[in-house]
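Following: one structure in structure tokens, then a few remarks.
The values are calculated or read from the model by the stated rules, or taken from the named source; none is laboratory data. Remember, predicted model here, so these are calculated numbers, not experimental data. Virtual Cβ from ideal backbone geometry, glycine too; neighbours counted across all protein chains shown. In case anyone asks, the SASA skips ligands and DNA or RNA and just uses the protein heavy atoms, side chains included. Shrake-Rupley method; radii C 1.70, N 1.55, O 1.52, S 1.80 Å.
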Amino acid sequence: MSPPTFRKNNLTVKFLIVMLLTCIMNRNNLCHNHPFVTSTISSHSGSPNIPASLEKLRLDGCLSSKNIAHASNDFGNIYHHLPSAVLYPKSVSDISSTIKHIFDMGSTSDLTVAARGHAHSLQGQAQAHQGVVINMESLKQEMYFHKGEFPYVDVSGGELWINILHESLKHGLAPKSWTDYLHLTVGGTLSNAGVSGQAFRHGPQINNVYRLEVVTGRGELITCSESQNADLFYGVLGGLGQFGIITRARISLEPAPLMVKWIRVLYSDFSTFTKDQEHLISSEDTFDYLEGLVIKNRTGLLNNWRSSFNPKDPVQASQFNSDGKTLFCLEIGKYFNPEETVKVNQKINRLLSDLSYIQSTLFLSEVSYAEFLDRVHTSELKLREKGLWDVHHPWLNLQIPKSRIHEFAEVVFGKILTDSSTGPILIYPVNKSKWNNKTSMVTPDEEIFYLVAFLSSAIPYSTGKDGLAHILNQNKRIVDFCETALLEVKQYVPHYTTQEAWRTHFGPQWDVFVRRKSQYDPLAILAPGQRIFQKARAFS
């Protein structure tokens, strides 16, 4: 990937950015309606760093307090930190020039920068209190597809995965690894890991990237890969935005199937459930997608089941009663093309015959590949209609070593968790050998570990079990148990409030993480919402 061609005068862009940041630092009063050449910048006059004279620019249409407020919110809807300005870049130069100018200010400035994708962070990770938020979705770049022996697509760091899916399918191709929800940006998921039910086969999304373009905390635009600037490449992948902002990525592709056999089966015994899951992810000839769910104290199970699923034996299924017990659901998928229907049905029957699920709870569905991958968006639309999407989402994502998963389940599912009515609880194993240990992402030190996600939604103003306070307290009890029992659990999309906690999280990788921070973002300008480093403080 070659650096982008800047369509406007770069000196003009730098001049305008200098004016914006000077204004933020209260060094001058900006009272003129200067046209922003390649970017739109919104500023907040109510911030202590912004002079009141910016009100004129808001009246002239260049600024909007609505944009500022929007940038202080995210999917978690728990933390709200107002930035001083929001940058809507039209080129990579807009991003690099902004960061370069802040870097050149040195320690005299306390300005920080956060890259914001589709705002799906949970704990304010994409916010920058009194800093600059860069809206990455404004960075529009064309997708470039390569169809050779090793197909790939070059995409903007602000591109949504759902758009990549639709465009790649036009070429008969698709990325190998996904997240459950596709309305997320490339830079956002690659800064964490990007996991879903394909991770046991292909690893997370960060394992399926050939090359990156990154703007570091010095404002430098650097191309990196396994063979070029490899330290930065591996550091940025799973690096929580600490070393650079991903502006472009080269994503590995594979031939795309047209259809998916989507299957769910139920278990009443946790040991049998995990045994079958581990069997499937360890087999060469297996399904293409695998996840699990925990269902606790739910009644009317069949009535609450997805309407698109049909029981193989309707009579037996209608007589099934969970009695409010804890059940475990295995969700699996097999990809295929229509001409392979007979063959794939035979393979599915053979694979299912090796499993020990409750026979009357086999649910089947057949959907298009695109419909399967975008399945969560369908639920989103329904929740939006009911006004239940933009609520608090106190999610907790954990990685549990295989050797401790039964101990974890006994206490958490048996004693701490009372029901699963506030949101899905996912649980499924992955193979550590599929995760590149050179990246910044940390995982438990066992070949098989479980991803466990408590995806709760809190009902506004509720003081009951579906309220924010109760769910946060339940999350704390789970985390406290894991720490007290020394389960060696790692958080995914981690959230800690002290550097000591971060040091514990990264363990032996902490020194490498600190070294990379001091090399690529020595002033700790980037991603302040992660709360790992504070600007102008020495690394330790």
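Taking Asn397 as the residue in question, decide whether it is under 26 Å from Phe273 (Cβ atoms), surrounded by fewer than 21 Cβ atoms within 10 Å (Cβ to Cβ), polar (S, T, N, Q) and touching a helix residue (DSSP H, G or I) at 6+ places or on another chain (Cβ under 9 Å). The answer is no for Asn397.
Just give me the residues in region 206-258 being among the β-branched types (Val, Ile, Thr) and either in contact with a strand residue (DSSP E or B) (Cβ under 8 Å, 6 or more places away or on another chain) or assigned to a strand (DSSP E or B) (or both), in sequence order.
Val209, Val214, Val215, Thr216, Ile222, Thr223, Val236, Ile245, Ile246, Thr247, Ile251
Taken over region 277-295, residues that are part of a helix (DSSP H, G or I) and surrounded by fewer than 23 Cβ atoms within 10 Å (Cβ to Cβ) amount to 4. What pairs can you find where one residue is in region 89-106 and within 13 Å of Gly157 (Cβ to Cβ) and open to solvent by 10 Å² or more (accessible area, probe 1.4 Å), the other is small (Gly, Ala, Ser) and at pLDDT 90 or above, and their Cβ atoms are less than 8 Å apart, with a gap of 6+ or different chains? Pairs found: Ser96/Gly219.
Filter region 360-379 down to the residues that are out of contact with any strand residue (DSSP E or B) (no Cβ under 9 Å at 6 or more places or on another chain) and over 19 Å from Gly194 (Cα atoms), then identify the one that is least open to solvent (accessible area, probe 1.4 Å). If we take residues in region 360-379 being out of contact with any strand residue (DSSP E or B) (no Cβ under 9 Å at 6 or more places or on another chain) and over 19 Å from Gly194 (Cα atoms), then Ser379 is least open to solvent (accessible area, probe 1.4 Å). In the set (1) in a strand (DSSP E or B); (2) over 19 Å from the mean Cα position of the chain (by Cα), the condition left unmet by Phe150 is number (1).
In this structure, is Glu159 of a type in the set (Asp, Glu) and touching a helix residue (DSSP H, G or I) at 6+ places or on another chain (Cβ under 9 Å)?
Yes: the conditions hold for Glu159.
Taking each residue of region 509-530 that is closer than 18 Å to Gly187 by Cβ and in contact (Cβ under 8 Å) with a residue 24 or more places away in the chain and looking for partners that are open to solvent by 30 Å² or more (accessible area, probe 1.4 Å) and outside any loop (DSSP other than H, G, I, E, B) with beta-carbon atoms closer than 9 Å, six or more apart or interchain, yields Arg516/Asp231; Tyr520/Ile222; Tyr520/Asp231; Asp521/Phe103; Ile525/Phe103; Leu526/Ala115; Ala527/Ala115.
Considering (1) over 19 Å from Leu258 (Cβ atoms); (2) in a loop (DSSP other than H, G, I, E, B); (3) in contact with a Leu (Cβ under 7 Å, 6 or more places away or on another chain), the lone condition that Ala128 does not fulfil carries the number (3).
Scanning region 261-272 turns up no residue that is open to solvent by less than 10 Å² (accessible area, probe 1.4 Å) and under 15 Å from Val430 (Cα atoms). Among the residues of region 458-506, those that are under 23 Å from the mean Cα position of the chain (by Cα) and of a type in the set (D, E, K, R) comprise Lys476, Glu488, Lys490, Arg503.
Does Asn135 meet the test of being within 18 Å of the chain's Cα centre (by Cα), touching a residue at least 60 places away in the same chain (Cβ under 8 Å) and open to solvent by 10 Å² or more (accessible area, probe 1.4 Å)?
Numbers: within 18 Å of the chain's Cα centre (by Cα): yes; touching a residue at least 60 places away in the same chain (Cβ under 8 Å): yes; open to solvent by 10 Å² or more (accessible area, probe 1.4 Å): yes.
In short, yes.
The criterion of being free of Cβ contacts under 8 Å to residues at least 60 places away in the same chain, under 22 Å from Ala126 (Cβ atoms) and not in a loop (DSSP other than H, G, I, E, B) does not hold for Ala469.
Answer yes or no: is there a residue in region 458-466 that is among the polar types (S, T, N, Q), open to solvent by less than 40 Å² (accessible area, probe 1.4 Å) and closer than 25 Å to Glu407 by Cα. Among the residues of region 458-466, not one is among the polar types (S, T, N, Q), open to solvent by less than 40 Å² (accessible area, probe 1.4 Å) and closer than 25 Å to Glu407 by Cα, which makes the answer no. Restricted to region 180-205, and to residues there that are under 18 Å from Thr439 (Cα atoms) and of a type in the set (Val, Ile, Thr), the residue that is nearest to the chain's Cα centre (by Cα) is Thr189.
The condition of being open to solvent by 30 Å² or more (accessible area, probe 1.4 Å), out of contact with any Pro (no Cβ under 6 Å at 6 or more places or on another chain), over 25 Å from Ala114 (Cβ atoms) and among the aromatic types (Phe, Trp, Tyr) holds for only one of Phe150, Phe200, that being Phe150. Just one of (1) open to solvent by less than 50 Å² (accessible area, probe 1.4 Å); (2) modelled with pLDDT of 90 or more trips up Gly124, so point out which. All conditions are met except number (2).
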